[in-house]
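Following: one structure in structure tokens, then a few remarks.
The values are calculated or read from the model by the stated rules, or taken from the named source; none is laboratory data. Not measured: the values here are computed from a predicted model. Virtual Cβ from ideal backbone geometry, glycine too; neighbours counted across all protein chains shown. These accessible areas exclude ligands, DNA and RNA; they are computed on the full protein's heavy atoms, side chains included. Shrake-Rupley method; radii C 1.70, N 1.55, O 1.52, S 1.80 Å.
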Amino acid sequence: MRAEFKPAQLRLAAQLGLTIPPTLVTNDVEDARKFAAEHGHVIYKPFRGLPAGEDGHAGAIWAQRVDADTFDDSLTVMPHLFQAEVPKTGDVRLTVVGEQVFASRIEAPGGVLDWRRGDWNDLVHTPVEVPGLVKALLHSYLSGLDLVFGCFDFALTGPAAEAASWVFIECNPNGQWGWLPDAPAITTAFADILTRKEAAP
């Protein structure tokens, strides 16, 4: 749960040298309006995933564009997380299990902002090579949170071969991966880690 808190994720990612979107956490209406005026298209995101409801299913608030004209005093009730919309050329879901890295570029029909909102059966996955620098920074990220696993979401802003094109969006420390093309290999990677831990003195 500690690793799921988005502001802490963004701070650690930035400290390590990963590129993050311009971000504002505030409950000040004027600050939010100034941020929107400076960056144009602005996205709202929750601080963490929602707890399970009475039906046992976890809720979700997808990343969504917000209109600064709707900002009013209701913002003062609690802090909100706003980000500048990244002019992306694609999305990447990157799963790290121990030292192994599995990455898929994701294309969603209609170029939706958040690919998780639609029918996952319509998503197109393409393997993508991850720059060495990005891999190294992600291992440092997980180490910094005492994790051996994480599902990272990135926005690409240019050629995937260039580390500068990879913009860190978030890391789900308990992310789903069974639907990914690499699921069998990810399963094996998990089994390897669990086997090594069980064999340790």
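A few points about this structure:
- Residue in region 163-176 that is assigned to a loop (DSSP other than H, G, I, E, B), closer than 23 Å to Ala14 by Cβ and open to solvent by less than 20 Å² (accessible area, probe 1.4 Å) present: yes
- Some residue of region 185-200 being part of a helix (DSSP H, G or I), open to solvent by 70 Å² or more (accessible area, probe 1.4 Å) and under 28 Å from Arg11 (Cα atoms): no
- Test: Ala136 is part of a helix (DSSP H, G or I) and without any contact (Cβ under 8 Å) to a residue 40 or more places away in the chain: yes
- Count - residues of region 77-112 that are open to solvent by 70 Å² or more (accessible area, probe 1.4 Å) and either more than 30 Å from Phe190 (Cβ to Cβ) or in contact (Cβ under 8 Å) with a residue 24 or more places away in the chain (or both): 8
- Considering Leu138, Leu113, Leu123, Leu180, the condition of being under 14 Å from the mean Cα position of the chain (by Cα), at pLDDT below 95 and not acidic (Asp, Glu) is satisfied by Leu113 alone.
- Unique residue being closer than 20 Å to Cys151 by Cα, outside any strand (DSSP E or B) and modelled with pLDDT of 90 or more when the list is Val96, Val86: Val86
- Checking each residue in region 165-201 for being touching a strand residue (DSSP E or B) at 6+ places or on another chain (Cβ under 7 Å) and over 16 Å from Ser104 (Cα atoms) picks out Pro173, Ala189, Phe190, Ile193.
- Scoring Lys45 on the criteria (1) surrounded by fewer than 16 Cβ atoms within 10 Å (Cβ to Cβ); (2) of a type in the set (D, E, K, R); (3) at pLDDT below 90 leaves a single failure, condition (1).
- Residues in region 17-38 that are assigned to a helix (DSSP H, G or I) and open to solvent by 60 Å² or more (accessible area, probe 1.4 Å): Glu30, Asp31, Arg33, Lys34, Ala37, Glu38.
- For first residues located in region 31-57 and over 20 Å from Leu113 (Cβ atoms), partners that are at pLDDT 95 or above and lie 6+ apart or on another chain with Cβ distances below 8 Å form the pairs Asp31/Leu24.
- Counting only residues that are in a strand (DSSP E or B) and charged (D, E, K, R), region 112-127 holds 0 of them.
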